[in-house]
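Heads up, the thing below is written out as structure tokens.
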Amino acid sequence: MYVQANQAPRRKPVTVPLLQEMKAAGQRIVMLTAYDASFATHLEAAGVDVALVGDSLGNVVQGRRTTLPVTLNDIVYHTAAVARGLEATLLMADVPFMADRDVARALEAGARLVGEAGAAMVKIEGAAPHILEAIGALVAHAIPVCAHLGLTPQSVHKFGGFRIQGREDEAAEHILAQGLAVQAAGASLLVLEGVPRALGKRLAASLVIPVIGIGAGPDCDGQVLVVYDLLGITPGKRPKFSKDFLAGNGSVAAAIAAYASDVRSGAFPTPEHCFD
Ligand code: KIV
């Protein structure tokens with residue numbers, strides 16, 4: 001840790017190798033979405049490890065039903081804004097729908113999100129052959145990749161809705177195989193969304209890379225939420241896997257700090273936030 005004159009000690013910058021060390025040391029990783037510089041400063045102050053500029057911005061910022069209309073320009077714009085509010089927190093940006101349809105476009109997305117907007121890694125949904133190829137190409141170009149499996153929102157039409165994935169044995173085995181495949185392709189992190197708790201536990205135990213859950217139970221190596229869900233301001237019904245941390249905490253800063261503390265201690269998520 002380094003100290004600047006007349007300033008409190010700053011946090012050690014979170015890096016991709018540090019996330020791997022955290023898993024090895026059994027330290028839970030705290031991840032949260034952000035879409036602008038003001039929220040980013042709150043994540044930074046709360047010591048959140050990873051800020052994700054998710055394509056969930058299509059839902060919570062743009063008011064869309066799905067993430068599919070979100071463009072690469074949208075993610076670049078919001079990633080650059082979030083980058084201005086961060087210091088030590090690692091910045092991850094989503095590769096939006098169809099920006100990964102071939103290796104050339106995936107590399108173009110990586111170049112813009114990392115080179116232009118300031119992300120340190122990109123997140124890409126699925127494990128289809130072209131995605132595995134894209135992961136390998138991004139990593140070969142020194143762009144770390146977070147994979148995203150389970151209830152991947154960009155596949156909403158294929159799934160027939162936002163449905164929990166991996167409930168049947170065959171489906172669970174398929175997601176486990178996908179996890180091993182994205183790891184072998186070079187991914188350094190995995191977001192696992194909307195799967196039964198037992199499958200979250202299995203993936204975290206089977207993979208070397210950290211598994212960050214959202215609706216995947218408490219046995220993952222870390223947790224991620226959409227910040228608007230955490231503050232209870234997303235319109236409509238609160239997702240089961242989320243919790244309103246603003247209730248009882250009084251301010252945005254306190255709510256984000258409580259989330260970070262509860263993830264680190266294992267107090268969040270509880271069974272009421274999990275799926276069987
Ligand atoms: O877009 C997003 O915010 C995400 C998280 C829900 C993991 O992908």
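Miscellaneous remarks
- Per residue, the solvent-accessible area of region 152-197 (1.4 Å probe, heavy atoms of protein chains only, all protein chains present) comes to 48 Å².
- Its relative contact order, with pairs defined as Cα atoms under 8 Å and 6+ residues apart, puts region 16-273 at 18 percent.
- For the set Thr152, Thr234, solvent exposure ranked by accessible area (probe 1.4 Å, protein chains only) runs largest to smallest as Thr234, Thr152.
- Heavy-atom accessible area with a 1.4 Å probe sorts Lys123, Lys243, Lys12, largest first, into Lys12, Lys243, Lys123.
- The heavy atoms of Ile131 offer some 10 square angstrom of accessible surface to a 1.4 angstrom probe.
- Cα centroid separation - region 67-127 against region 233-275, whole Å: 26 Å
- Charge sum, other residues only, whose C-beta stays under 13 Å from His174's C-beta, Lys/Arg counted +1 and Asp/Glu -1: -2
- Listed peptides 97-108, 61-72 by packing density, highest first (mean Cβ within 10 Å): 97-108, 61-72
- Convex hull volume per residue for the chain, taking Cα atoms only, in Å³: 124 Å³
- Structure-based [θ]222 nm, the chain - -39500 (n - 2.57) summed over DSSP H runs of at least 4, per residue, nearest 500: -10500 deg cm²/dmol
- Within the accessible area of the chain (1.4 Å probe), percent carbon and sulfur: 55 percent
- Which of His42, Leu90, Pro129, positive extreme of dipole for region 23-182 (C-beta unit charges): His42
The values are calculated or read from the model by the stated rules, or taken from the named source; none is laboratory data. Everything numeric in this text was worked out from a predicted model, so none of it was measured. All Cβ positions, glycine included, derive from the backbone under ideal geometry; neighbour counts span all protein chains shown. Heads up: the accessible areas ignore ligands, DNA and RNA and are worked out on the full protein's heavy atoms, side chains in. Shrake-Rupley method; radii C 1.70, N 1.55, O 1.52, S 1.80 Å.
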